[in-house]
2 protein chains.
Amino acid sequence: MSSAEEIAKAAKVAFEDSQLISSAERVAALNHIHQALQSNKTDILAANKEDLKAAQIEVDAGRMSESLLKRLDLDKGDKWDSMLQGVLNVAELPDPTGIVSYAKELDDGLELYRVSCPIGVLLVIFEARPEVVVNIAALAIKSGNSAILKGGKESNKTTQILAQSISSGLSRSSLPSSYIQAIQTRAEVSSLLALDQYIDLVIPRGSNSLVQNIQNNTRIPVMGHADGLCSVYIDESADIEKAIRVVVDSKTDYPAACNSTETLVLHESVLQSVWPAVGRALLTAQVRLLCDPASLSALQALSPPPSNLSFAEPATPEAYTTEHLNLTLSVMTLPSLSAAVRFINAHSSHHTDSIVTESQSAAATFCRGVDSAGTFVNASTRFADGFRYGFGTEVGISTGRIHARGPVGLEGLVIYKYMLRSMSKSGHIASEFGSGKKQFKHTDIVKTVPF
Amino acid sequence: MSSAEEIAKAAKVAFEDSQLISSAERVAALNHIHQALQSNKTDILAANKEDLKAAQIEVDAGRMSESLLKRLDLDKGDKWDSMLQGVLNVAELPDPTGIVSYAKELDDGLELYRVSCPIGVLLVIFEARPEVVVNIAALAIKSGNSAILKGGKESNKTTQILAQSISSGLSRSSLPSSYIQAIQTRAEVSSLLALDQYIDLVIPRGSNSLVQNIQNNTRIPVMGHADGLCSVYIDESADIEKAIRVVVDSKTDYPAACNSTETLVLHESVLQSVWPAVGRALLTAQVRLLCDPASLSALQALSPPPSNLSFAEPATPEAYTTEHLNLTLSVMTLPSLSAAVRFINAHSSHHTDSIVTESQSAAATFCRGVDSAGTFVNASTRFADGFRYGFGTEVGISTGRIHARGPVGLEGLVIYKYMLRSMSKSGHIASEFGSGKKQFKHTDIVKTVPF
């Protein structure tokens, strides 16, 4: 077994050696991986069965949750097929590299191009779901990055054989087989986090504590995917039907997702108008409501009383900083739009927040004032998703605000470099420019890749 | 005096409260700051004189370098005037916020916009030169970020009064006066580095050890500006005149700059053709050459011998990983272009590297294969600079490869948020989409700011 340093070094070498490999060859590599996975299906599912058997013992002993067990199962529903289809889908996406975002003629015959290119070596750390190995490998290959992958220990056997299939697919391509490597232990992760000379970006996908723990233990940049504490705000001018639909969907469409809503903020003027209908709809949908005094008494004063009124109860202060991830919703009444914006900025995780309003000016104030990756108007927070946004794929949803924010597509796995090309007879030198000498032109030129 | 936490919180509040302030009002604030600096000129230069006097004592005692002292002086040459002009220049740059980079109709009446916006609170740590306070304050205000600034302790008195002038300018604007704050001590920096709930980006401008020390002590993202270990590679097809001009300019135009060249890589086939002329030109320019055996004996075999031949000496291995920052150049001979690319990837700081070649294919291999922020063809590495690239300003030169790479303009101080707007009769909810239900359209729409 290789040491962490050997693994990291091999990844860096694989990355550097792959820089001249064309986009078409990277697509071919993805097709080889697809075939390798297909022909290893029996062995992969057998390894997955072993992981599942071990996990069942943990569940029976009360040491693992049933939902974690379910996420392990590669043979459930159409998971296997959609994992394989995902590789082909990523292969067909537009190449995110080689895109020119800035092109200027600095002087006659001196052309500057800013061209998108891969970041380098990615270290991706994720939890339970083993199909993420295949998903991330495809994204890394498509964007020209090499990757080191660490899955949850519950899926070690599955992850290992998936990684072997990926390597065997790579060996039939022009990419080095060390382009994608899988590691098994936390100790290896710790060692890798120290190797910033080889690893360029860490992508942890999991709990807040996983992300923070990694941020505390590395100087490598981290693109974290952590909490989603989303909210919906019902403005004084809210339409009642929109309010019901947006709030109920934001809470109940898929409560375990990070883009589900955890907090409902009410303008106090809607307590007797919109809130009763919204509250009734939520209670009918069996949502547990953790209410501030004003919203609770408004519900309790209704006649006839709402069904499931007992699902409404007083909120503790912690309710407003809790990611419930189930059919629970915290409710807060505030006197104004600006108080709502301040409250959301102080309590949300800056993921996605939505306003229900008929006022264009309130919408503008909310969308500009709320400091979140997504600010929505009359739309469910559940739309915050790379596929729904049209990226064709999703690396994750970044809770950071550097490099990539919100749902991240392939664009989040590239950076750029500046290519400067002199075509003059004697090359270009800096000392010929300056006061009393040549001046820079900075003329826009056509944005095509120079090489 | 405020605690670090109070300072950080005030910066965050100032940032959030400023989100509805228009671009025109930010420009007005810059003009107020310009006026405040102008009317405080006497006091500022008096404070600067005190810093200079204290620094002179340090220089006389051998505890500070003469060059550091020079950089402290605000009254030297046109430094004062250009500092003030810089504020007006930044004010006139295009607003980097509110730019739509992605706009799609997801469904009839459901529009998604990705809009550039400020990052949040910046913590900027820099060394000696006090005019950086004004420069960074202007960049932060223009891009809508609030900032906490820490200068070198040698310039504490100057920094403090510059910061007061900035606050007094802000107090005449609609921006909060706590929008820009200056701190004086390292202890405050340490405390601030722990406050990732308030501070969004740390920008250290200084030595490698400063940058690494900060990266080791915070989980806030760091945009580092550190070493420049640039190189020029002379390819087998190099034109002799271009080689001389590019190498001499890259080394001698401003040896103390990070974009100066520290290493010259020679294709072995140029040892008897191009290298003698380049070597002679470098020795004539009094450049000390740290040579590998092949390049050294090629020079020593020349007849007549080059002037200053004694400036050429054998290189130690460390020469190739040293940022000389003076008239010293390490020289390495290699057998091929691909060996040169590998050598540069292993030894350079991934800042800027240039090839001298007449071959389009060698240029393409070099520009794609060298993993640096700038890959140049027949042009001096000294062109790697935000002003020369046409950004109108420079935040610094980032040696990272996340978010912003290479010379960073105002674009490096913004990120984006997604604004989603439903204009349908009953709002938009996610559960209406999916297999057998509505499908997303993802049609391109005109990229204008929705609010």
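Rule-based calculations on the coordinates, nothing more; no lab input. Bear in mind the structure is a predicted one, so any value in this text is a computation, not a measurement. Note that each Cβ is placed from the backbone with ideal geometry, even for glycine, and that neighbours are counted across all protein chains shown.
Of all beta bridges DSSP finds with both residues in chain B, what is the antiparallel percent, to the nearest 5? Present the calculation step by step, with values, prior to reporting the outcome.
On the way: 20 of 62 bridges.
In chain B, DSSP labels about 30 percent of beta bridges as antiparallel.
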- Item | Estimated inter-spin distance, B:ALA339 and A:GLU66, nm [label 7 Å along Cα→Cβ] | 6.7
- Task: Sum up the charges of everything whose Cβ sits under 12 Å from the Cβ of B:GLY374, counting Lys and Arg as +1 and Asp and Glu as -1, but leave B:GLY374 out.
- Result: +3
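Quick check on chain B: take the gyration tensor over C-alpha atoms, sort the square-rooted eigenvalues as a ≥ b ≥ c, and tell me if it's rounded (a/c under 1.5), prolate or oblate. All intermediate terms of the calculation are to be shown ahead of the outcome.
Numbers: a/c = 2.47, a/b = 1.34, b/c = 1.84.
Since a/c reaches 1.5 but b/c is at least a/b, the shape of chain B is classed as oblate.
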- For region B:388-440 and region A:418-435, write down the distance between their C-alpha centroids in whole Å. 34
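Filter A:LYS79/B:LYS437; A:LYS41/A:LYS70; A:LYS79/B:LYS425 down to the pairs with a C-alpha to C-alpha distance above 26 Å, please. Can you show the working numbers first?
Numbers: A:LYS79/B:LYS437 21 Å; A:LYS41/A:LYS70 19 Å; A:LYS79/B:LYS425 36 Å.
Check vs 26 Å cut-off fails for A:LYS79/B:LYS425.
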- Between A:SER361 and A:ARG186, how many nm apart are label points set 7 Å from Cα along the C-beta direction? 5.5
- How far, in degrees from 0 to 90, does helix A:360-369 lean away from the longest principal axis of the Cα atoms of chain A, to the nearest 10? 60
- Note on the structure: Sorted by chain and number, the residues with a modelled amide H under 5 Å from that of B:ALA315, at a separation of 5 or more or across chains, are B:CYS291, B:ASP292
- Task: Mind pulling the angle between the C-alpha long axis of helix A:23-39 and the longest principal axis of chain A? Nearest 10 degrees, somewhere in 0 to 90.
- Result: 70
- Note on the structure: Rounded to the nearest Å, the spacing of the alpha-carbon centers of region B:249-273 and region A:137-190 is 40
- Note on the structure: Any lysines whose Cα falls less than 20 Å from that of A:LYS9, other than same-chain ones fewer than 8 residues away, would be A:LYS150
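Going by a ≥ b ≥ c, the root eigenvalues of the Cα gyration tensor, does the protein assembly as shown fall in the rounded group (a/c under 1.5), the prolate group (a/b larger than b/c) or the oblate group?
Details: a/c = 2.13, a/b = 1.35, b/c = 1.57.
Since a/c reaches 1.5 but b/c is at least a/b, the shape of the protein assembly as shown is classed as oblate.
Where Lys and Arg each count +1 and Asp and Glu each count -1, what net charge lies around A:ILE161 among other residues with Cβ under 11 Å from its Cβ? Let's see the in-between values first.
On the way: positive: A:LYS41, A:LYS157; negative: A:ASP43, A:GLU50, A:ASP51.
For residues surrounding A:ILE161, the net value is -1.
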- Query: Hey, which aspartates and glutamates would be in cross-link range of B:LYS441, C-alpha to C-alpha under 16 Å, not counting anything within fewer than 8 residues on its own chain?
  - Reply: A:ASP385, B:GLU105, B:ASP107, B:ASP108, B:GLU111, B:GLU432
- Query: If r is the Cβ-Cβ distance from A:VAL446 to B:SER273 and R0 is 30 Å, what FRET efficiency results, to the nearest 0.05?
  - Reply: 0.25
- Message: Let's test the formula: R0 of 35 Å, r as the Cβ-Cβ distance of B:GLU6 and B:ASN213. What FRET efficiency results, to the nearest 0.05?
- Response: 0.90
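First measure r as the distance between the Cβ atoms of B:GLU411 and A:THR321, then evaluate 1/(1 + (r/R0)^6) with R0 = 45 Å and state the FRET efficiency to the nearest 0.05.
Values: r = 34 Å, r/R0 = 0.75.
Computed FRET efficiency for B:GLU411 and A:THR321 comes out at 0.85.
Counting partner chain Cβ atoms within 10 Å of every residue's Cβ in B:362-373, what's the average? Can you show the working numbers first?
On the way: counts 0, 4, 5, 3, 2, 11, 11, 5, 3, 9, 2, 4.
The per-residue average across the peptide is 5.
Express as a percent, rounded to the nearest 5, the fraction of DSSP beta bridges in the protein assembly as shown (both residues included) that run antiparallel.
On the way: 40 of 134 bridges.
Among the beta bridges of the protein assembly as shown, antiparallel pairing accounts for roughly 30 percent.
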- Query: Going by alpha carbons, how many degrees (0 to 90, nearest 10) lie between the helix axis of A:240-252 and the longest principal axis of chain A?
  - Reply: 60
- Query: Given label points at 7 Å from Cα along Cα→Cβ, what nm distances, shortest first, separate B:THR42 from the same residue in every other copy?
  - Reply: 9.4
- Query: Given a cut-off of under 8 Å on Cα pairs at least six residues apart, what relative contact order in percent is computed for region A:4-216?
  - Reply: 32
- Note on the structure: Using alpha carbon centers only, region A:77-126 is separated from region B:345-368 by a whole-angstrom value of 21
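Order these peptides, B:181-189, B:5-13, by their mean beta-carbon neighbour count within 10 angstrom, highest first. Walk me through the numbers on the way to the answer.
Details: B:181-189: 17.4, B:5-13: 20.0.
Output ranking for B:181-189, B:5-13: B:5-13, B:181-189.
Across the residues of A:236-247, average count of Cβ atoms on other protein chains within 10 Å?
Working: counts 0, 0, 1, 3, 0, 3, 7, 1, 3, 6, 6, 2.
The shielding value for this peptide is 3.
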- Tell me, what ³J(HN,Hα) does each residue in region B:311-328 have, in order and in whole Hz, if you take phi through Karplus 6.51 cos²θ - 1.76 cosθ + 1.60 with θ = phi - 60° and put x for Gly and Pro? 6, 9, 8, x, 8, 8, x, 5, 3, 7, 10, 10, 8, 5, 6, 8, 7, 10
- Around B:THR443, which amide H atoms from residues at least 5 apart in sequence, or from another chain, sit under 5 Å from its own amide H, with H modelled in the peptide plane? B:GLU105
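Counting only DSSP beta bridges with both residues in region B:75-147, what percent are antiparallel, rounded to the nearest 5? Spell out each step's value before the answer.
On the way: 6 of 8 bridges.
Taking every DSSP beta bridge within region B:75-147, about 75 percent pair in antiparallel fashion.
Pairs of Cα atoms under 8 Å, at least six residues apart: use those to get the relative contact order of chain B, whole percent. Write out the running numbers ahead of the final one.
Values: 907 pairs, mean separation 84.1, N = 451.
For chain B, the relative contact order is 19 percent.
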- Under 14 Å Cα-Cα from B:LYS53, which aspartates and glutamates qualify once same-chain neighbours fewer than 8 residues away are excluded? B:GLU66, B:ASP73, B:ASP75, B:GLU154
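Between beta-carbons, use under 11 Å as the cut-off and find the net charge around A:TYR198, counting Lys and Arg +1, Asp and Glu -1.
My count for the surroundings of A:TYR198 gives -3.
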- Item | Solution diffusion estimate, µm²/s, Stokes-Einstein, region A:82-170, Kirkwood Rh from C-alpha pairs, 4 °C, viscosity 1.567 mPa s | 86
